[in-house]
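Comments concern the structure below.
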Amino acid sequence: MTTESNEKIDILSLEEHELEEIILSLGEKKFRALQIYQWLHVKRVTDFEQMTNIPSSFRTKLKEIFCLKSLFVVQRLESCSDNTVKYLYRLPDGNHIETVLMDYHHGNSLCISTQVGCKMGCRFCASTIAGYKRDLEPSEMLLQLYESERNSGRKVSSIVLMGIGEPLDNFDNVLKFLRILSSERGTNMSLRHVSLSTCGLVPKIKELAKLKLGLTLSISLHAANNERRSEIMPVNDRYDVNELINACRYYFRETGRRISFEYALIDGHNDSYEQARELSLLLKGLPCHINIIPVNKIKERNYHSSKKAACRFQSYLTDLGMNATIRRTLGSDINAACGQLRREQENK
């Protein structure tokens, strides 16, 4: 953990052992670090003055050394049909990200962003249109959970890293976020309740596999051959379909965790029986689930799909022996797909 001179330390981005090291260097007892850590990640205070069992003189010292970041709600949109809530948050530096709270039968799930914008350039995705600005810090990922629970009054039981940005392109910060999130003396969320979605950064998938974190890996696949995939996903020119699937097979061997493949269905591009057959051959023998997603409409692109086409493609896959479902559409009346609110805000 480093910080530039004259710059305060981002305390919410510190793991417990890092915080403990600093607290000890200030001449305080070890137990103070745990007290502060739990104020931050269990009670989730927004000001050092709320840490009432910390001596006033030391609270003053904390304010001199550390910063305690916060997010500001710029927009809050709530669906009339399915209890989905979409947040546009302003970060301390004035940038914007989106977070979506979704209601499922198993509990509330939160879709968080990992970057301000995205470099990956997927043609059907609104997140990349407003441009990449920077990576998010662990604190800024955690705050999406803390602020969304505080604002909504709803307890989140699972997290998906599927918002704005490519999680594996912000690898170190995402891993630190996951360690803090799952800390037994903090938020204590099992990583089995976390899904990480990637467009296919092969070296990082292999690196993630070696860590055996227990999370669910979701692959944004969207096409079964290189020609079709490269047309909509530039990342395929770096790591082609076969490299990607080989990395997925490696991930399964290392972790034993079934992989989820996201398949955004685009009329006339990847929705034919031949594409379904090619997909079934590509994934043959790999324990997986295919999540069919009727592509979200965005103003700058002419891609579209329908529920009828999704049902037809699902039927193709199930007839071919594949495990495939259609993703439930949530928040359609509030444009809950990530990237659209940020893009509008950046355009103002």
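Going through the range 210-238 one residue at a time, which ones are more than 20 Å from Ser113 (Cα to Cα) and surrounded by 20 or more Cβ atoms within 10 Å (Cβ to Cβ)?
His222, Ala223, Ala224, Arg229, Ile232, Asn236
Let me spell it out: the conditions are (1) surrounded by 15 or more Cβ atoms within 10 Å (Cβ to Cβ); (2) modelled with pLDDT of 95 or more, and Ala264 meets all of them except one. Which number is the exception?
(2)
Would you be able to tell me the number of residues in the range 28-40 that are of a type outside the set (Phe, Trp, Tyr) and touching a Lys or Arg at 6+ places or on another chain (Cβ under 8 Å)?
Looking only at that region, the number is 2.
Condition check: within 25 Å of Phe72 (Cβ to Cβ) and in contact (Cβ under 8 Å) with a residue 60 or more places away in the chain. Does Gly186 satisfy that?
yes
Is one or more of the residues making up the range 110-124 in a loop (DSSP other than H, G, I, E, B), crowded, with 18+ Cβ neighbours inside 10 Å and of a type in the set (Val, Ile, Thr)?
yes
Between residues in the range 10-29 that are without any contact (Cβ under 8 Å) to a residue 40 or more places away in the chain and residues that are surrounded by 18 or more Cβ atoms within 10 Å (Cβ to Cβ) and of a type outside the set (Asp, Glu), which pairs lie under 6 Å by C-beta distance while being six or more apart or on different chains?
Filtered contacts from the range 10-29: Leu19/Ala33; Leu19/Tyr37; Glu20/Ala33; Ile23/Arg32; Ile23/Ala33.
Which ones in the range 43-74 are outside any loop (DSSP other than H, G, I, E, B), touching a residue at least 12 places away in the same chain (Cβ under 8 Å) and touching a helix residue (DSSP H, G or I) at 6+ places or on another chain (Cβ under 6 Å)?
Once the filter is applied, which keeps residues that are outside any loop (DSSP other than H, G, I, E, B), touching a residue at least 12 places away in the same chain (Cβ under 8 Å) and touching a helix residue (DSSP H, G or I) at 6+ places or on another chain (Cβ under 6 Å), the range 43-74 yields Phe48, Leu62, Lys63, Phe66.
Within the range 83-101, which residues are among the basic types (Lys, Arg) and either modelled with pLDDT under 95 or in contact with an Asp or Glu (Cβ under 7 Å, 6 or more places away or on another chain) (or both)?
Matches in the range 83-101: Lys86 only.
Test Thr216 against the stated conditions and say whether it is in contact with a Pro (Cβ under 8 Å, 6 or more places away or on another chain), of a type in the set (S, T, N, Q), closer than 30 Å to Arg312 by Cα and assigned by TED's automatic domain parsing to the domain that holds Met120.
no
Somewhere in the range 208-223, is a residue assigned to a helix (DSSP H, G or I) and touching a Gly at 6+ places or on another chain (Cβ under 8 Å)?
Looking for residues that are assigned to a helix (DSSP H, G or I) and touching a Gly at 6+ places or on another chain (Cβ under 8 Å), one finds none in the range 208-223, hence no.
The values are calculated or read from the model by the stated rules, or taken from the named source; none is laboratory data. The structure presented is a predicted model; accordingly, all values stated were derived computationally and were not measured. Because the Cβ atoms are built from the backbone with ideal geometry, glycine has one as well, and the counts that use them run over all protein chains shown.
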